[in-house]
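One structure is given below, encoded as structure tokens.
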Ligand SMILES: [Zn+2]
């Protein structure tokens, strides 16, 4: 809200500089957004919060300033403007009646009050001072009559409208809901079709204004106008809001009405407008102001207990301060008897009609607190009544996975949770995407079903910005129609080990990634198994799915070239990716408590064995045969060599295993180890047609 | 200088000491040895030769001096030889100035660092740290937070909506559990939107737990803001909530002051400015003393000396009523802070979009 300092000073004596006023008001609830010189005046721009429509006016801001500085606010009527005397203002007697202009309110739920006044006018330009004030506050001067409505809007906050009476068919005003199929050409020249819920101000025949939103072009005041009707009314906030939204039409009037206006203001505004009309020589009201207000509401007092003020704020405000602040803001303050407030001394407070935000005692406590000054709040701490509850277990779990991956060289990425529909497509796993109804753009159209698309884009970004080796991880939420799951994904492209002056370079491969997963399983205390994956976005034969106890918890492997190309990765890049469903991993992990095993007290025995088998046979199958044939004291099997080529027949592969035997009960004898080895060799020969080398 | 015994042993000793002081290497020491105590043509041999042909008076004059010179030279050279040997690198020494072979080590994302830091601060203050769903229903995101349909404050947080409302099994189960606990509240609603704030988590927690409450909820939130220097459509928020008997606005101030000092350094002051949020009353925006100018006024704080970091207030009674708490029995405070904003301020990052580009040149500036 832009206010003019000179205008404010008509209501309250504040000789303080605009900077000082801004500083103080900023800690009283009205943040100063801008300060601009305007001739020898100053325009102050205050940020008015949505709950304070009363501050969208000079008088509203002036009232806050008066309270902040503890100065009297000049009441409306005596100090309006140094440019006209109190005598002129009073010359327009506030005679209201229901005679004269026929006004009918057919929709009192949407318009509980409507005031109209007829005036003879000579339309022309406004005096310079009036034009200046409007311009300073960001409103274009149009003509004396229209300028007056805007002047009153700025000064008192009450939106007004002026109709050309000659254009109102039947010379009557009907406040009603729009009829089916009804339309209106508004002041901005646009033809708008109205829906039946919308409120219109009509003449005997048709709509002439959209109530609280915008006037109609047909009854617009023009240079030829000689007789007008001023309108000052109260329109239902949610109705104005719905209409403004439906029509996509936001005006100075609609923004005020939709937040809630002062039900008592129309009469004051009308008197002010009529006085101004005479004062600037633009015309004169004829007859009476017709004010239709069938059911003025009874103000409801709110009880305020003294103890509740310090109880909520944690600072003491003296009674005199409480009363001073509330009275200065226009509240009616009565001391309540002890009985009325259940044994607590306090007050019965009635809010002025413009304070539509005051409903409960806490609303009053806020008023007292902010004007007493939050700077007086002491710094204390809330007491603890019981031991704090445990944090979300996912936090610790995610941290463990993150730390392990960081330790293995992956840097942490955070990507947007919404991605392009085409980027999500390969990762949907047969489920529908979670699409946004109103995405920011096509790039952010669907919620990610997987962390991988975002991570692939992050790898692509780094590759396109000159980075050869990229290792990234992300831990975050994935979305599907089945709900949200937490995942960990990582991607690796480039060298397997850091480039160094001493050594050979090697590109990352499948087994680097598999090793990372094995390490993650180890720190998560779960045993994982691997099987061929069948994912369109991974290269077949270079990818695997990860399972814990029969449940698939993730996949990894080489990113498919076509998917990579679609995400602008340089051609030929080998990008290895992995994703683990952390929730599934947690669920599949053994719930048994970890028990530490004692260290073995007896020596171990190591035996190596090399065999020739068909090269289609997996190492896993060989290992399985060894394990099932081995005695109970075989504690480890490790592949240490795999060889094909010179000396090995076609279609065969040489595999070497290192077997470790150890008993926890005794020292093993050579004979029992030898017997165990023989048993293994027999099984390999019999079941896998292996040949010992 | 050329060897000339006529300068006498005292002068020669001074000369030797000066030359010894310049010796740096084994080779130089060998040369010095030859020059001073070599069998032939050295200073000591020259003195000895001179002594052989000297008169008894001359012998008496510097014979003793010449012998002492010899002793000192030999001792000093031996000492220096030992010292040089002690610093000599063995033949198989490596060039320690070559670059090391660092094990690969990743870097933390700055937002993740702040999340953890804030989590740690509040864990220390006795809070539980929670995370909640990111897709929400209208009730938890708005209605229960005193923002009924048509509330103007809904405009303050432009919301992303789902094309198709969802009712996943887990959500239905939670909704049922809530209905069992507090049957009067409301029927389960489908998920329709991306949460605009972590405040939705406040409601979910209070629905299922009786007071007292002491929690921070951390996670991503979504608002329909176009990308620019200071906005991203997804960002991260830390939500704090304390509910109990006698919790006050002053308690909130003390708590936030402690957080500001922990995050931005000792002595960082906080300031409360009255504001408006539908779910708190009174409401306050909280500023910290400008971390750049320490309150003196600079470009970063628009010459005010203060920088806004979060919104907060006392939990609105309507929110308590929505979760079945009695506002006459308990009071509470809540605050919501942008993680990105803290990171921008703390590290002087000038473009918020850097947090979502994941450029390693940016990420690698942060530690672990
Ligand atoms: Zn500063």
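Laboratory data are not the source of any read-out in this text; all were calculated from the coordinates shown. All values reported here derive from a predicted model rather than from experimental measurement. Positions of Cβ are backbone-derived with ideal geometry, glycine not excepted, and every protein chain shown enters the neighbour counts.
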| request: Take the alpha-carbon centre of the range B:243-307, take the same for the range A:393-451, and report the distance between them in whole Å. | output: 34
| remark: Rounded to the nearest 500, the 222 nm mean residue ellipticity computed for chain A from DSSP H runs (n ≥ 4, each -39500 (n - 2.57)) alone is -8500 deg cm²/dmol
| request: Could you work out how far helix A:361-372 tilts from the main Cα principal axis of chain A, as a 0 to 90 degree angle to the nearest 10? | output: 80
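May I ask you to compute the full-extension gain from residue A:619 to residue A:140, defined as 0.36 nm times their residue separation minus their alpha-carbon distance, rounded to one decimal in nm?
164.1 nm
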| said: Would the range A:570-678 count as rounded, prolate or oblate if I go by the C-alpha gyration tensor, calling it rounded below 1.5 in a/c and otherwise prolate when a/b exceeds b/c, oblate otherwise? | reply: oblate
| message | For chain A, take the longest principal axis of its alpha carbons; what is the angle in degrees between that and the long axis of helix A:265-279, to the nearest 10 within 0 to 90? | response | 50
| said: Rounded, prolate or oblate, given the Cα gyration tensor of the range A:2-74, with a/c below 1.5 counting as rounded? | reply: rounded
| said: How much of the DSSP bridge set in the protein assembly as shown is antiparallel, in percent, rounded to the nearest 5? | reply: 95
| request: Work out the mean other chain Cβ neighbour count within 10 Å for the residues of A:477-489 and drop it here as an integer. | output: 3
| task | First check a/c for the range B:282-357, with a ≥ b ≥ c the square roots of the eigenvalues of its C-alpha gyration tensor; if it is under 1.5, answer rounded, and if not, answer prolate when a/b is larger than b/c or oblate otherwise. | result | oblate
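Counting partner chain Cβ atoms within 10 Å of every residue's Cβ in A:370-377, what's the average?
Mean inter-chain Cβ contacts per residue within 10 Å come to 4.
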| query | To the nearest Å, what is the center-to-center distance of the range A:253-326 and the range A:517-592, using C-alpha atoms only? | reply | 66
| Between the range A:345-383 and the range B:313-356, the Cα center-to-center distance that results, in Å | 21
